[in-house]
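The values are calculated or read from the model by the stated rules, or taken from the named source; none is laboratory data. Note that the coordinates shown come from a computational prediction; the quantities given were computed from them, not determined experimentally. All Cβ positions, glycine included, derive from the backbone under ideal geometry; neighbour counts span all protein chains shown.
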Amino acid sequence: MPDTRTDVLKHPQNLHNNHANTWVLDILLNCILFIRLATFLSSVFATWAPDLFHYYAMYLCDLLMHDISLVMNWTSCIFAAATFNFANLPFGWCAITTLGRFDPRFGGHLVLWDLKLVLDFPPGSTILIPSAILRHSNTTIGRSERRYSFMQYTMGGLFRWVDCGFQTSEEYWASLDADGLAKA
């Protein structure tokens, strides 16, 4: 999972977790259910936004060719990172799937605040949204029910890193001469 928090890092690198989290994440990343889900979400993305999918694929390929130390979660997945709920690209999409056991008639709805929408979002549902620009949440569920989210996304910092020639934006701007600055 490449990490590009520009406030902490000088270049993309694989996410680091403590020992306990690494153990659990390894189990989840090798679970056939999540492998299939990640592959499905990439297919949905390719179907509904083929140009944006191609944009992701080109940048991810360039990034991985430039730095072979970066490791993807799944080879069949276009997203550079995933979260299991423990700086997105503003026009990019985030894939969200709801899991668990709850009665969707009474809770677990997806709320898209900026669009003033409340959507039925039963277990097993998937949606692609520009999560960097849309505030979203879920309604509560019953006390004995369980709801989980599986989300995939690619951080905007990865796109900026490739755009800046595989360096920070500060390094990029500092490297430009007067002519380069005028063109930028």
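Residues checked against (1) in contact with a strand residue (DSSP E or B) (Cβ under 9 Å, 6 or more places away or on another chain); (2) among the acidic types (Asp, Glu):
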site: Trp93; (1), (2): yes, no
site: Asp103; (1), (2): no, yes
site: Ile127; (1), (2): yes, no
site: Pro130; (1), (2): yes, no
site: Tyr148; (1), (2): yes, no
site: Asp177; (1), (2): no, yes
site: Gly180; (1), (2): no, no
- Considering the range 152-184, residues that are more than 27 Å from Ala132 (Cβ to Cβ) and in a loop (DSSP other than H, G, I, E, B), and then whichever is farthest from the chain's Cα centre (by Cα), we arrive at Asp177
- Task: Return a yes/no flag: does the range 126-146 have any residue that is surrounded by 15 or more Cβ atoms within 10 Å (Cβ to Cβ) and over 19 Å from the mean Cα position of the chain (by Cα).
- Result: yes
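Evaluate the following for Trp93: is it crowded, with 19+ Cβ neighbours inside 10 Å and hydrophobic (A, V, I, L, M, F, W, C)? So that I can check it myself, show each step before the final result.
Values: crowded, with 19+ Cβ neighbours inside 10 Å: yes; hydrophobic (A, V, I, L, M, F, W, C): yes.
Yes; evaluated as a whole, the condition is true for this residue.
For the structure I just gave you, tell me whether Asp120 is in contact with a His (Cβ under 7 Å, 6 or more places away or on another chain), at pLDDT 95 or above and surrounded by fewer than 17 Cβ atoms within 10 Å (Cβ to Cβ).
Values: in contact with a His (Cβ under 7 Å, 6 or more places away or on another chain): yes; at pLDDT 95 or above: yes; surrounded by fewer than 17 Cβ atoms within 10 Å (Cβ to Cβ): yes.
Yes, satisfied.
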- Query: Which ones in the range 64-79 are β-branched (Val, Ile, Thr) and surrounded by 14 or more Cβ atoms within 10 Å (Cβ to Cβ)?
  - Reply: Ile78
- So which residues in the range 41-92 are part of a helix (DSSP H, G or I) and either in contact with a helix residue (DSSP H, G or I) (Cβ under 7 Å, 6 or more places away or on another chain) or among the β-branched types (Val, Ile, Thr) (or both)? Val44, Phe45, Ala46, Thr47, Phe53, Tyr59, Asp62, Leu63
- Item | the range 101-114 - residue that is surrounded by fewer than 18 Cβ atoms within 10 Å (Cβ to Cβ) and within 21 Å of the chain's Cα centre (by Cα) and, of those, nearest to Thr140 (Cα to Cα) | Val111
